[in-house]
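Chemist: Below is the structure I would like to discuss, written out as structure tokens.
The values are calculated or read from the model by the stated rules, or taken from the named source; none is laboratory data. Owing to the predicted nature of the structure, the values given are computational and were not obtained by experimental measurement. As a convention, Cβ positions derive from the backbone with ideal geometry for all residues, glycine included, and neighbour counts pool all protein chains shown.
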Amino acid sequence: MKLNKILHNNKAFTLVELLVTMSVFIVVIIIAAETFNIVVTQSGKLSKSEESNIEGVIGLEVMRHDLEQMGFGLLWGFLPGTTYSYSETDTTNWADDTTNYAKLNDNVATLPNRPVPRALVGFNAFSNFSSDFIGVKGTTVGRSKAAQFWTYIPFNNFSTTSGRESRPVAWPSNNLSSGDKVIAVRSNFNDPEDDHLLLDASGSFGFNFNTTGLIHSAYLPTESLQTHMVYGLDRSSNSPRMPFNRTDFFVKRPDSTITGDTAMPSFCAPGTGTLYKATVNQSDGKYTYIPLLDCVANMQVVLGWSLNSGTDKLQDAVHAYSSLPDSSDYSVSVVPASAAIALPATTAADIQDWLQDPKGVREHLKILKVYLLVQEGKRDPKYTYPASSIVVGDQLNGELILTRQYPLTDDQRKYRWKLYKLIVRPKNLVSNQR
């Protein structure tokens, strides 16, 4: 009787109660789903942003290394009575559709002290990106492992039992290997006329290294003040085309027809390209392309110069800044006739001369400031970049004449942008060793 009463008093949920409950659950599920979707979206944006930052750090460190190494192992002249006519690049190989990378060659008739290479060569307003284009020259900027090694031969370092056989110094590790292609440069800081001269044997500047000696008297110092430096060039080329290595940096759209080049990522904003490190092969004078950073809109380079030279002691002084010469002033066989823009303007003529002269570059160039405008993350249709243009560079003395005001299209403003700044002081230039 009691059980029947209990069962009789129990009531089920009404239809209205069920509908209300289900509605509440549906609203909660929708809110949770929307929140999850927002979290996933933001996470994807942050993930892509961090990926861009990581790529930027790695790519810029590669670039920084080569810029710091410019001039390492670079010859300043030739032995009396010797001349060379090396060829840096194959002029049939183009960097893109409009600009030939042979414009960065130093083996042209109009250069003073032909054909001594300049540690840095470059120009601005390159291709459709109006970006700067720079070439860095030195032995250590090559891709081969041999290019990272060097040694030296002091005076009287030879075997008395086998004649004047050169004996390069061996390090505890990281030595050149037999068969490596190397050059030898005479070092004599007490005699400027006998310093940093390229040595040769039988009219050849590139020769096979031998771990027991260079096996040629031409590479043995003949005076106590002389030391012969030996620098690695390559491990595969049978006949190096230039007595140094060269790496170029520029922004361009990837080209799938070029061996080793990659496709442009689909998430990159319109009007962007890839920052490339392109090494010039010793074997054939063509590029090997190495993509460093995707989705790059623009690159600008500002050069800092010291007005001092020789033994001046103002080591850290940067007295003037300049842009690179305009690309329209270059041709394959003629160096530019006009100057880069400079601050102060009174230094423009001097800087123009230094940019064309190997000695001027190594004695006066102090720093490079590299600015890269890079997309950060993916396109966000709900976002609008707060400015219609971005200054790629810094204000110098309150002026923007050495930098570029990069205009953003309406579509580009749906992306976030980051300006990377790289300040490099080349270690091997005389201007930084005083």
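Chemist: Within segment 216-237, which residues are of a type in the set (D, E, K, R), in a loop (DSSP other than H, G, I, E, B) and within 22 Å of residue 177 (Cβ to Cβ)?
Modeler: Matches in segment 216-237: 235 only.
Residue-wise test of (1) farther than 22 Å from residue 106 by Cβ; (2) of a type in the set (Val, Ile, Thr); (3) buried (at least 20 other Cβ atoms within 10 Å of the Cβ); (4) touching a helix residue (DSSP H, G or I) at 6+ places or on another chain (Cβ under 7 Å).
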position	(1), (2), (3), (4)
346	yes, yes, no, no
353	no, no, no, yes
362	no, no, yes, yes
380	yes, no, no, yes
393	yes, no, yes, no
427	no, no, no, yes
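Chemist: Quick one: which of 303, 324, 293 is touching a helix residue (DSSP H, G or I) at 6+ places or on another chain (Cβ under 9 Å), at pLDDT 90 or above, part of a strand (DSSP E or B) and under 28 Å from residue 433 (Cβ atoms)?
Modeler: 303
Chemist: Is it true that some residue in segment 203-226 is modelled with pLDDT of 80 or more, touching a Pro at 6+ places or on another chain (Cβ under 8 Å) and among the acidic types (Asp, Glu)?
Modeler: Taking every residue of segment 203-226 in turn, none turns out to be modelled with pLDDT of 80 or more, touching a Pro at 6+ places or on another chain (Cβ under 8 Å) and among the acidic types (Asp, Glu).
Chemist: Here is a follow-up. Got at least one residue in segment 259-272 being modelled with pLDDT of 90 or more, closer than 17 Å to residue 370 by Cα, touching a helix residue (DSSP H, G or I) at 6+ places or on another chain (Cβ under 7 Å) and not hydroxyl-bearing (Ser, Thr, Tyr)?
Modeler: no
Chemist: Related question: Any chance segment 356-373 includes a residue that's closer than 17 Å to residue 132 by Cβ, modelled with pLDDT of 90 or more and not aliphatic (A, V, I, L, M)?
Modeler: yes
Chemist: Let me ask you something else. Within segment 264-290, take every residue that is of a type in the set (A, V, I, L, M, F, W, C) and assigned to a strand (DSSP E or B) and give me the one that is farthest from residue 233 (Cα to Cα).
Modeler: 275
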